[in-house]
Amino acid sequence: MKTTVEILLSERQRVDRFQKATAVQVLWKGDELVRYQGALLTVGLLLRADGIHEFGPDEVPEALKPQGQGIAGTAIGMLTKGDAPLLVPFFGTIPDRAIYHGRRTSLSESRNGAKVFLYVLGQHQIVEAWLTGHGFNLPKPQPQKELCLA
């Protein structure tokens, strides 16, 4: 049986390996990484404008998905870290949309019905600031076509 010290050291090594892998992805595939992060956040903003707050990485159009191995995981990992994360993991259940415990069946045919984790956007202003700061155009809101009279 492992001691507490051995468990803490092995966890520290795991974190160090993840940080090293992230650094390698940023160094060698930085442009593709940022492009995918921008696409993911833009999809989230577009869906939020339609009243859908939970979304998965499979909703990014196929043409904007990264081709390299590990880029998607690294991009999402970077967006969910920090004091003000741009993506927040969703753990809820919405039976009407077949979402259970923050997961649903992938919309991509290539995933063969695999379950994907869902996310919600962090603070709207921070997401918009990240997108504009990285040179992305913000999606234009659709004009409201009808009035709500209570």
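A short reminder: the numbers here are calculations on the coordinates, not readings from a lab. These numbers come from a predicted model, not from an experiment. Note that we place each Cβ from the backbone using ideal geometry, even for glycine, and neighbour counts take in every protein chain shown.
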From L87, L41, residue being within 10 Å of the chain's Cα centre (by Cα) and under 24 Å from R17 (Cβ atoms): L87
Output the residues belonging to the range 117-142 that are farther than 18 Å from T42 by Cβ and either in a loop (DSSP other than H, G, I, E, B) or aliphatic (A, V, I, L, M) (or both). none
Please tell me if D96 is surrounded by fewer than 18 Cβ atoms within 10 Å (Cβ to Cβ), of a type in the set (D, E) and either touching a residue at least 12 places away in the same chain (Cβ under 8 Å) or in a helix (DSSP H, G or I) (or both). yes
Output yes when any residue across the range 63-83 is hydrophobic (A, V, I, L, M, F, W, C), in a strand (DSSP E or B) and touching a strand residue (DSSP E or B) at 6+ places or on another chain (Cβ under 7 Å), and no when none is. no
